[in-house]
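Undergrad: Let me give you the structure first, and then I'll get to my questions.
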């Protein structure tokens, strides 16, 4: 697989940070940068990353299915909205935020808007229990989210387009 020059440089930089015997530690960063740069993770990319870090493609797929921020085989929207409904968030309004987002966006779990702009996912935990209810949009965390705040955040996503 031929990577865009910028991504090729990023791969070399990331892999170069690890001693050769630990280069498989670059797996998650390579996948994250690839997903951001290419918009999705393809089977060809899985094979390429596996080759570069010295693991089997199946091992890359295992990592992809474990981490919720990696999306394979179906790409998520440009803005991926994750709403936590685990215990702390559940007790402080997470399920209500989830229902509001589903209704407002017309989407369900891991669905993507027709224009590819927004995707929605109900998640078990985003590690923000002390600031519940919490949501994550791409790499940005939002704490103590109210229905009004959620509406504002969703409105802003359409304006960022």
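The values are calculated or read from the model by the stated rules, or taken from the named source; none is laboratory data. Just so it is clear, the structure is predicted and the values come from calculations on it, not from any experiment. Methodologically, a virtual Cβ is constructed for each residue, glycine included, from the backbone with ideal geometry; neighbour enumeration extends over all protein chains shown.
Undergrad: I need every pair where a residue in the stretch 11-34 that is outside any helix (DSSP H, G or I) has its Cβ under 6 Å from the Cβ of a residue that is buried (at least 16 other Cβ atoms within 10 Å of the Cβ) and at pLDDT 95 or above, sequence separation at least 6 or different chains.
TA: Qualifying pairs under 6 Å: 18/26.
Undergrad: Could you say which residue among 157, 45, 64 is part of a helix (DSSP H, G or I), in contact (Cβ under 8 Å) with a residue 60 or more places away in the chain, under 19 Å from the mean Cα position of the chain (by Cα) and buried (at least 16 other Cβ atoms within 10 Å of the Cβ)? Don't jump to the end; show me each part of the working.
TA: Working: 45 fails: in contact (Cβ under 8 Å) with a residue 60 or more places away in the chain; 64 fails: in contact (Cβ under 8 Å) with a residue 60 or more places away in the chain.
Just one listed residue meets the conditions, 157.
Undergrad: Just give me the residues in the stretch 127-137 being part of a loop (DSSP other than H, G, I, E, B) and surrounded by fewer than 15 Cβ atoms within 10 Å (Cβ to Cβ), in sequence order.
TA: Looking only at the stretch 127-137, we keep the residues that are part of a loop (DSSP other than H, G, I, E, B), and these are 127-128, 132-134.
Result: 127, single match.
Undergrad: Now a separate question. Looking at (1) touching a strand residue (DSSP E or B) at 6+ places or on another chain (Cβ under 9 Å); (2) assigned to a loop (DSSP other than H, G, I, E, B), which one does residue 81 not meet, given that it meets all the others?
TA: Only one criterion in (1) touching a strand residue (DSSP E or B) at 6+ places or on another chain (Cβ under 9 Å); (2) assigned to a loop (DSSP other than H, G, I, E, B) is unmet by residue 81, namely (2).
Undergrad: Now for a different question. Filter the stretch 1-10 down to residues that are more than 18 Å from residue 70 (Cβ to Cβ) and in a loop (DSSP other than H, G, I, E, B), then give me how many there are.
TA: So the first thing to find is which residues in the stretch 1-10 are more than 18 Å from residue 70 (Cβ to Cβ), and the list is 2, 4-6, 8-9.
From what is left, the residues that are in a loop (DSSP other than H, G, I, E, B) are 2, 4.
Of the residues in that region, 2 qualify.
Undergrad: Considering each residue of the stretch 84-97, count those that are over 18 Å from residue 155 (Cβ atoms) and in contact with a strand residue (DSSP E or B) (Cβ under 7 Å, 6 or more places away or on another chain), and give that number.
TA: 3
Undergrad: With the requirement that a residue be part of a helix (DSSP H, G or I) and in contact (Cβ under 8 Å) with a residue 24 or more places away in the chain, what does the stretch 138-152 give you?
TA: Just the residues of the stretch 138-152 that are part of a helix (DSSP H, G or I), to begin with: 147-152.
Across the stretch 138-152, the qualifying residues are 147, 150, 151.
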